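The values are calculated or read from the model by the stated rules, or taken from the named source; none is laboratory data. Not measured: the values here are computed from a predicted model. We place every Cβ from the backbone using ideal geometry, glycine too, and count neighbours over all the protein chains shown. Side chains included, ligands, DNA and RNA excluded: accessible areas come from the protein's heavy atoms. Shrake-Rupley method; radii C 1.70, N 1.55, O 1.52, S 1.80 Å.
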Amino acid sequence: MKRYMIWSTAALLLVAIGIVVARADGAGRHGWGGRGWSHHGPLGYVAHELNLNEAQKSQIKSMWEAERPTVKSFLQELASEGKEMVSATAQGNFDESRVQAIAARQGETVAKLLVEKERFKSKVYTTVLTPEQRTKADDLQKKWHSRLNHVAARIGGVTNDTTDLRGKSRRPNSPGLVGE
């Protein structure tokens, strides 16, 4: 059951990401939800933090355009499996073997999406970013993982991470509340 919840949560997260990507693909919009590379969207934040120039942004955009059909097909597959799960569990119905089969397919689709995401990140990292930007990207990723650890700790998970969101050390058993 725990495994089912983990895969379901991962699937929902990727569906949310898919919605964001689908919105970015909408007519009349520029980039991510109409924001493009501005500082307010997810790509804009990264572009700002890494200080990407226009040539780098253009190169990443063309790389994304080449990757988009693959990601789109995986997202459509995940959405279809999500609909199948909804219909399989409608009105309180629960056939464990059927739900397990659907969840297993969703897990495979999520795995494919994660592999594509990491492939794309690797291409950008190795072919677009300068050494200074790579260092900054590594720092951003560490910050992201620190935030995930913080969230996990707040919802009851146990973590060995003894740094707060600002990267400062805190007491190992401290909840990391403001003012400590």
Name the single residue that is farthest from Glu132 (Cα to Cα) among those in region 54-71 being basic (Lys, Arg) and open to solvent by less than 70 Å² (accessible area, probe 1.4 Å).
Arg68
Test set (1) at pLDDT below 90; (2) over 15 Å from the mean Cα position of the chain (by Cα) - Gln56 fails condition number
(1)
Being in contact with a Ser or Thr (Cβ under 7 Å, 6 or more places away or on another chain) and not aromatic (Phe, Trp, Tyr) is the filter; apply it to region 57-78 and report the residue that is farthest from Ala104 (Cα to Cα).
Glu77
Would you mind telling me which numbered condition in (1) under 30 Å from Ser58 (Cα atoms); (2) modelled with pLDDT of 95 or more Ala104 fails?
(1)
Suppose we keep only residues that are surrounded by 13 or more Cβ atoms within 10 Å (Cβ to Cβ) and part of a loop (DSSP other than H, G, I, E, B) within region 41-53. Which one would you say is modelled with the highest pLDDT?
Leu52
Of the residues in region 127-139, those that are assigned to a helix (DSSP H, G or I) and either surrounded by 14 or more Cβ atoms within 10 Å (Cβ to Cβ) or basic (Lys, Arg) (or both) number 4
If we scan region 62-69, do we find a residue that is among the charged types (D, E, K, R) and within 30 Å of Ala101 (Cβ to Cβ)?
yes
Apart from one, (1) without any contact (Cβ under 8 Å) to a residue 40 or more places away in the chain; (2) within 17 Å of the chain's Cα centre (by Cα) all hold for Gln91; the odd one out is (2)
Selection from region 130-175 of residues of a type outside the set (Lys, Arg), modelled with pLDDT under 80 and under 30 Å from Asn51 (Cβ atoms) yields Asp161, Thr163, Asp164, Leu165, Gly167, Ser169
Based on what the data block shows, is Ser80 open to solvent by 50 Å² or more (accessible area, probe 1.4 Å), hydroxyl-bearing (Ser, Thr, Tyr) and under 28 Å from Ser122 (Cα atoms)?
no
